[in-house]
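Let me begin by presenting the structure, written as structure tokens, before commenting on it.
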Amino acid sequence: MLHKVLIANRGEIAVRIIRACKDLGIGTVAVYSEPDREAMHARLADDSICIGPASSALSYLNIPAIMTAAGLTDCDAIHPGYGFLAENAGFAEIVIESGYTWVGPSPESMRIMGDKVSAKQRMKQASVPLVPGSDGAVADAEEARRVAHLAGFPIIIKASAGGGGRGMKVVHSEPRLASAFSMCQSEAKAAFGDDTVYVEKFLEEPRHVEVQVLGDSHGNVVHLYERECSIQRNNQKVLEEAPSPFVSEETRQKICAAGVAAAKSVNYVGAGTVEFLMNPDQSFYFIEMNTRIQVEHPVSEWITGIDLIEWQLRVADGEPLAFNQSQIKRKGHAIECRINAEHPFKFTPSPGKVELYHAPGGRSVRVDSALYTGYTIPPYYDSMVAKIITHARSRKKCIRRMQRAIDELAVLGVTTNQELHKRLLANPDFQRGDFNIHFLESWLKQLPR
Ligand code: ADP
């Protein structure tokens with residue numbers, strides 16, 4: 001068993017990982033930036049070490065400082081959480097070469113999936129369905145035009161090295177293609193240092209459905225079913241649930257099998273997510289794989305009873321999975337609401353001192369947060385400060401339970417998006433499960449302010 005884990009992250013995910021380590025009897029080391037001195041993760045860990053000033057580049061992304069902290073505290077493993085260095089294959093390599101256990105997949109799996117063109121090529125070999133398009137890199141506008149005519153307009157030009165919803169251009173008709181192509185290329189070069197782009201058919205009303213996978217170092221890969229993540233704004237998820245209210249049992253089996261095939265094709269070890277876009281007719285296509293734990297992992301944990309962070313730690317340590325696919329049963333429905341310190345409808349950030357924090361509780365309510373009364377939310381990092389997760393036998397009951405939990409939440413002193421969740425949960429289309437990835441943004445436009 002691992003002895004002591006350094007958590008190279010902050011906020012709720014660092015707290016989540018510290019808690020999992022404590023449950024397993026593993027020691028913990030937190031790293032923090034100067035303004036995070038009083039942060040919950042720094043307070044809860046057995047040891048905590050300052051790794052730099054506010055700027056992430058000089059602290060949470062500061063590899064030499066993190067490695068020094070690991071050395072000083074006698075750790076044997078590093079967990080990267082999500083964001084920051086979690087998908088940095090170079091960092092994973094340094095961790096491994098320095099003799100630590102990397103709580104994540106191999107740098108090679110990360111590299112293949114981190115580059116969208118190489119990921120698509122691997123998926124093609126594994127017979128995972130791809131959005132019709134170029135599959136490989138597209139060299140120039142002329143080639144893009146040929147692909148567009150085969151796939152049909154509208155198309156989307158995407159940067160191979162892109163991420164976080166950046167580096168994409170939608171083109172509705174041929175006259176705009178050449179200029180969009182060169183713009184996408186030069187933006188990709190500037191943002192990611194790589195101007196490789198490819199072309200896909202642009203799906204007009206897709207859902208975002210993703211499959212949670214878990215692999216060990218003995219060649220076993222299982223799935224923990226799908227998550228519905230279509231409630232998004234600016235490509236940022238706002239509310240997630242499992243299972244998807246839209247997916248039929250037949251499609252569920254197919255998409256989950258595709259997720260497992262995708263993971264197996266890169267010898268995946270650890271927790272990962274295979275993302276798909278799904279058309280109204282339930283045809284689905286691979287878009288990318290995230291080679292890390294995700295924000296929305298608790299909904300999958302709740303419907304399956306499997307602790308994903310625990311299993312990340314166990315498989316990183318070489319343990320085989322203790323269950324096979326047929327032993328993973330799905331039970332009930334789970335929803336997660338992301339609580340952000342921001343204006344609920346203008347989306348302007350609202351950092352500052354939390355004068356009072358009261359978390360919801362009661363039956364089947366889970367809160368993952370790093371908030372406490374008196375904490376000052378710094379302005380430098382992500383605005384997500386809490387996740388509320390509820391579970392119930394049915395989706396309808398789960399929504400009602402979430403409404404109750406959101407009502408109980410009190411965060412005074414700063415503004416949160418609590419009111420957005422209240423209105424969303426009461427929306428009849430949401431309640432019917434009738435939405436796609438454009439739903440939230442178009443609903444927000446119609447809302448009376
Ligand atoms: P990133 O790595 O930047 O998140 P993705 O490839 O996952 O990039 O795409 C992000 C989002 O962009 C998707 O969730 C979807 O909303 C939209 N998108 C990407 N590809 C397509 C497509 N072919 N058709 C329609 N929407 C797309």
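The values are calculated or read from the model by the stated rules, or taken from the named source; none is laboratory data. All figures in this text were calculated on a predicted structure; none of them were measured in a lab. Neighbour counts run over all protein chains shown; Cβ positions are idealised from the backbone, glycine included.
Tabulated results
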item: Residues that are surrounded by fewer than 17 Cβ atoms within 10 Å (Cβ to Cβ) and within 11 Å of the ligand (Cβ to nearest atom), drawn from region 162-180; result: Gly163, Gly164, Gly165, Arg166, Val170
item: Residue in region 206-217 that is hydroxyl-bearing (Ser, Thr, Tyr) and away from the ligand (no atom under 15 Å from the Cβ) present; result: yes
item: Residues of region 134-146 that turn out to be within 12 Å of the ligand (Cβ to nearest atom) and over 19 Å from Glu187 (Cβ atoms), as a count; result: 0
item: Gly193 vs. criteria over 30 Å from Leu321 (Cβ atoms) and away from the ligand (no atom under 14 Å from the Cβ); result: yes
item: Residues of region 92-109 satisfying the condition of being touching a residue at least 40 places away in the same chain (Cβ under 8 Å) and either in a helix (DSSP H, G or I) or within 21 Å of the chain's Cα centre (by Cα) (or both); result: Trp102, Val103, Gly104, Pro105, Ser106, Glu108, Ser109
item: Single residue of Ser283, Ser244 found to be away from the ligand (no atom under 13 Å from the Cβ) and at pLDDT 95 or above; result: Ser244
item: The lone exception for Ile112 - which of (1) part of a helix (DSSP H, G or I); (2) closer than 14 Å to Val197 by Cβ; (3) touching a Lys or Arg at 6+ places or on another chain (Cβ under 6 Å) it fails; result: (2)
item: Residue satisfying all of: in region 252-280; touching a Pro at 6+ places or on another chain (Cβ under 7 Å) and assigned to a loop (DSSP other than H, G, I, E, B); farthest from the ligand (Cβ to nearest atom) among these; result: Val269
item: Residue that is nearest to the chain's Cα centre (by Cα), among those in region 1-34 that are in contact (Cβ under 8 Å) with a residue 60 or more places away in the chain and in a strand (DSSP E or B); result: Ile7
item: Of all residues in region 404-431 being more than 25 Å from the chain's Cα centre (by Cα) and either at pLDDT below 95 or in a helix (DSSP H, G or I) (or both), the one that is nearest to the ligand (Cβ to nearest atom); result: Pro428
item: Check on Phe286, touching a strand residue (DSSP E or B) at 6+ places or on another chain (Cβ under 9 Å), assigned by TED's automatic domain parsing to the domain that holds Arg423 and in a loop (DSSP other than H, G, I, E, B); result: no
item: Residues within region 51-91 that are outside any loop (DSSP other than H, G, I, E, B) and buried (at least 16 other Cβ atoms within 10 Å of the Cβ), tallied; result: 13
